[in-house]
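A short write-up of the structure that comes next.
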Amino acid sequence: MALMNGYEETLHDESCSKPPFVHAIVGESSSSPTIGMASLVGPFSIPVVSHFATCACLSDRNRFPSFFRTIPSDYYQSKALAQLVKNFGWTWVGMVRSRNDYGNNGIAAFEKLAQEEGICIEYSEAIIRTDSQEQLLKTLEVIKKATARVVLAFISFGDFVPFLKLIAQQNITGLQWVASESWITSRIIAETKEYSFLKGAVGFAVSNEKLDGLREFLVTVHPDQEPKNEILKEFWETAFQCAFRNTGSGTPVCTGSEPLTELQNEYTDVSELRIASKVYTAVYAIAHALHNWVKDVKYATNSSKRHLPTPQKVLEYIKDVIFTVKTGETFFFDASGDPVAKYDLVNWQPAEDGSLHFKLVGVYDSSLPSEKLQVNQENMVWTEKSGTRKAVQKGRPVCCYDCIPCADGEISNETDSSDCFPCDMEYWSNENKDKCVLKMIEFLSYTEIVGIVLSICSFLGALFASMISFVFYLHKETPIVRANNSELSFLLLFSLTLCFLCSLTFIGRPTEWSCMLRHTAFGITFVLCVSCILGKTIVVLMAFRATLPGSNVMKWFGPVQQRLSIVCLTLIQVLICVLWLTISPPFPYKNKIYYREKIILECHVGSDVGFWAVFGYIGLLSILCFVLAFLARKLPENFNEAKFITFSMLIFCAVWITFIPAYVSSPGKYTVAMEIFAILASSFGLLFCIFVPKCYIILLNPKQNTKKNIMGKR
């Protein structure tokens with residue numbers, strides 16, 4: 001009323017007979033106050049141009065004949081939101097709105113358009129900033145219990161902030177937020193780390209514009225320029241945390257010399273002028289209307305005499321105003337007083353500091369004949385339910401369903417997919433079940449703990465065997481070395497060194513050559529080792545048989561026969577290996593059956609007959625050696641090497657007997673680890689049981705290393 005009648009203390013009959021105090025009004029910001037103001041000034045034909053009142057109801061020319069706006073109507077925003085939700089396949093959504101004209105009308109339009117698009121709405125809740133915490137908690141409980149994971153928040157900024165604080169306290173996450181233009185570009189919300197659960201929020205914002213010279217103007221304002229402007233003084237005190245009057249509270253006194261140019265806040269930030277630019281456009285729309293009226297008056301009267309326009313004239317001219325805005329686009333009002341609806345699609349994406357920043361990912365332009373919504377989904381971040389399939393809930397609408405996670409090895413890379421699709425044999429589903437990735441290939445490598453430990457044990461075994469060989473070589477003329485057939489001892493130590501080293505061929509990525517080498521090297525070296533032990537056992541037995549009167553058995557098993565027997569026994573294993581490698585050799589094999597989620601790269605034995613023939617031959621010689629050593633256990637104690645051989649072969653056989661079930665049942669790379677463990681355990685058993693007692697006598701108890709002690713009393 002003050003704008004129409006002037007700032008008079010009282011109103012009287014003459015107030016209504018005078019021309020209005022103003023010819024046009026810019027404002028208001030919110031829809032509800034604007035509805036009241038436009039209803040009041042409409043009968044007086046005073047143009048009202050709003051920069052932020054978006055309620056679709058304001059487009060009703062019968063109710064608001066003098067209303068215009070420079071921001072699109074919520075009808076277009078609701079239409080754009082319905083298309084956006086449909087575009088992403090979100091057919092089951094919840095809604096929260098402001099309990100005012102803005103929220104009620106916006107959601108009403110969305111519900112109608114959503115129904116046409118086949119979108120189902122699970123709930124629709126209304127809040128307002130004056131609601132008690134108990135009321136807000138009830139709304140929050142509805143959201144928590146709902147099955148809809150997409151929430152459309154058609155809420156004004158002031159109503160949303162108290163609700164957001166409560167959501168942060170309750171730690172509610174996993175929702176996909178769809179925003180209205182009132183808060184989608186709010187830096188206050190986006191830069192608050194407690195609201196990081198809004199990551200992926202998407203919504204439409206009015207298009208941004210750059211206003212040249214605005215920042216320069218803002219940093220030059222000063223309270224001294226307008227001493228009566230209380231708002232400017234209040235701004236200055238708030239910005240610099242000072243007071244123009246000494247209040248005695250310890251607040252610094254404003255000097256007026258505080259530099260606005262160094263101020264870094266929303267006041268000096270001119271990067272987001274989406275709403276401010278609409279004020280700019282509103283002022284220019286009125287200015288262009290007045291300018292056009294002045295030109296027409298001059299042309300009609302052909303006079304430079306000053307004329308004052310009436311509000312009716314301004315209203316008449318503003319309907320037809322058309323001009324170019326800062327972005328280079330043509331601006332005009334349609335028959336309803338609305339501009340062409342054009343929105344930026346904004347996506348909230350996480351920044352490195354934990355806050356959220358705005359990413360432009362699309363546009364909506366109502367002036368386009370088709371494809372009004374254009375979205376660049378590749379640049380988007382959102383909370384989605386890919387990796388699941390739909391399962392319809394009984395007794396609920398068709399578009400209401402549960403999202404059932406895809407089974408392992410299956411994916412769904414589309415939202416609201418009805419089925420999950422299996423990956424190929426060499427692929428597996430990723431953690432989100434939305435992409436097939438190459439299966440992890442597993443084999444025992446040198447870089448993992450098990451591989452490193454086994455490699456160290458292998459090298460230590462080879463080192464111990466070499467050190468014992470060196471000790472025996474230094475003391476080769478001593479009775480204990482000579483009495484135990486030094487030639488066979490050195491050959492046995494050499495074969496044990498090879499046994500330790502052959503275990504290294506089992507570690508690393510299987511190749512064609514390594515697969516053939518590992519089993520054949522193992523088979524031949526172990527047969528050589530067992531053949532030497534068998535030879536030593538036979539020598540012990542023959543030696544004591546030769547002490548019987550009239551016995552000349554040793555001439556049948558002298559050094560030549562010993563060497564020949566070892567060569568023959570080893571050649572049999574070589575022949576078996578050659579036949580195995582010729583007929584059906586081992587080869588690298590990708591085992592995709594044992595584990596579904598990974599591929600075991602292993603050496604397939606090729607011929608099972610060849611594999612078990614190699615193992616069987618080793619077992620046969622081991623059992624024979626054990627039996628002979630067992631028969632020789634009662635020989636004279638001082639010379640009884642047979643008891644050490646018996647114990648060593650007992651360990652050897654026990655290891656390999658337990659290896660068979662462990663080998664069959666061990667999964668993946670642990671099968672190879674078990675085989676290496678069996679090789680090392682049996683090799684260490686032979687090395688320690690046969691040679692450590694001798695090394696003890698040689699190095700620590702040399703008094704027993706005499707011929708007399710070796711031969712004993714007999």
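Heavy-atom accessible surface of the chain, averaged per residue, reaches 52 Å², computed with a 1.4 Å probe. Ser132 sits with roughly 50 Å² accessible to a 1.4 Å probe, with DNA, RNA and ligands left out of the calculation.
Could you state the angle between the C-alpha long axis of helix 101-116 and the longest principal axis of the C-alpha atoms of the chain, as a value from 0 to 90 degrees rounded to the nearest 10? Once rounded, the angle reads 60 degrees.
Listed peptides 137-144, 95-102, 68-75 appear in the order 68-75, 95-102, 137-144 once ranked by packing, highest mean of other Cβ atoms within 10 Å at the front. Length available on full extension from Asn376 to Ser39: 0.36 nm per residue minus the Cα-Cα distance, which gives 117.2 nm.
Sorting Ile623, Ile119 by accessible area puts them as Ile623, Ile119; the probe is 1.4 Å, largest comes first, and only protein heavy atoms count.
Classify region 99-148: rounded, prolate or oblate, from the alpha-carbon gyration tensor (a ≥ b ≥ c, eigenvalue square roots; a/c under 1.5 rounded; otherwise prolate if a/b is larger than b/c)? Mind dumping the intermediate values first?
Values: a/c = 5.68, a/b = 1.40, b/c = 4.07.
Judged from the Cα gyration tensor, region 99-148 comes out oblate (a/c at least 1.5, b/c at or above a/b).
Rounded to the nearest 10 square angstrom, Met1 shows an accessible area of 110 square angstrom against a 1.4 Å probe.
How long are the semi-axes of the equivalent ellipsoid of the chain, defined as square roots of 5 times the Cα gyration tensor eigenvalues? Whole Å, largest first.
Details: eigenvalues 1907, 164, 87 Å².
After scaling each eigenvalue by five and taking roots: 98, 29, 21 Å.
Suppose only helical runs count, i.e. DSSP H with n ≥ 4. What mean residue ellipticity at 222 nm does that imply for the chain under -39500 (n - 2.57) per run, divided by all residues and rounded to the nearest 500 deg cm²/dmol?
Numbers: 20 runs with 319 residues, N = 714.
Result for the chain, helices only: -15000 deg cm²/dmol.
Sorting the segments 52-63, 107-118 by their mean number of nearby beta carbons within 10 angstrom, highest to lowest, gives 52-63, 107-118.
What FRET efficiency comes out for the pair Ser455/Gln704, r = Cβ-Cβ distance, R0 = 51 Å, nearest 0.05?
Values: r = 37 Å, r/R0 = 0.73.
Result of the calculation: an efficiency of 0.85.
All Cα-Cα distances of region 212-269, cut into 5 Å bins from zero to the largest, leave 4, 18, 28, 26, 15, 6, 2, 1, 0 percent in each bin in turn. Quote the FRET efficiency, to the nearest 0.05, computed for Asp296 versus Glu216 with a Förster distance R0 of 30 Å and r equal to the Cβ-Cβ distance. The calculated FRET efficiency here is 0.30. Stretching Ala287 away from Phe323 to a fully extended chain increases their span by 11.9 nm, per 0.36 nm per residue minus the current alpha-carbon distance. When the accessible area of the chain is split by element with a 1.4 Å probe, what percent falls to carbon and sulfur? Solvent-exposed carbon and sulfur of the chain make up 59 percent of the total.
Among beta bridges from DSSP that stay inside the chain, the antiparallel ones total about 55%.
Only Lys, Arg, Asp and Glu carry charge here, each on its Cβ (+1 for the first two, -1 for the last two); on that basis the chain has a dipole of about 4980 debye about its Cα centre. Pairs Lys112/Lys199; Lys144/Lys165; Lys79/Lys372; Lys86/Lys435; Lys210/Lys313: which exceed 20 Å Cα-Cα? Table pairs above 20 Å Cα-Cα are Lys112/Lys199; Lys86/Lys435; Lys210/Lys313.
Compared with the direct C-alpha span, the chain from Ser565 to Phe470 gains 31.6 nm at full extension, assuming 0.36 nm per residue.
The values are calculated or read from the model by the stated rules, or taken from the named source; none is laboratory data. All values reported here derive from a predicted model rather than from experimental measurement. All Cβ positions, glycine included, derive from the backbone under ideal geometry; neighbour counts span all protein chains shown. Accessible surface areas use protein heavy atoms only, side chains included; no ligands, DNA or RNA. Shrake-Rupley method; radii C 1.70, N 1.55, O 1.52, S 1.80 Å.
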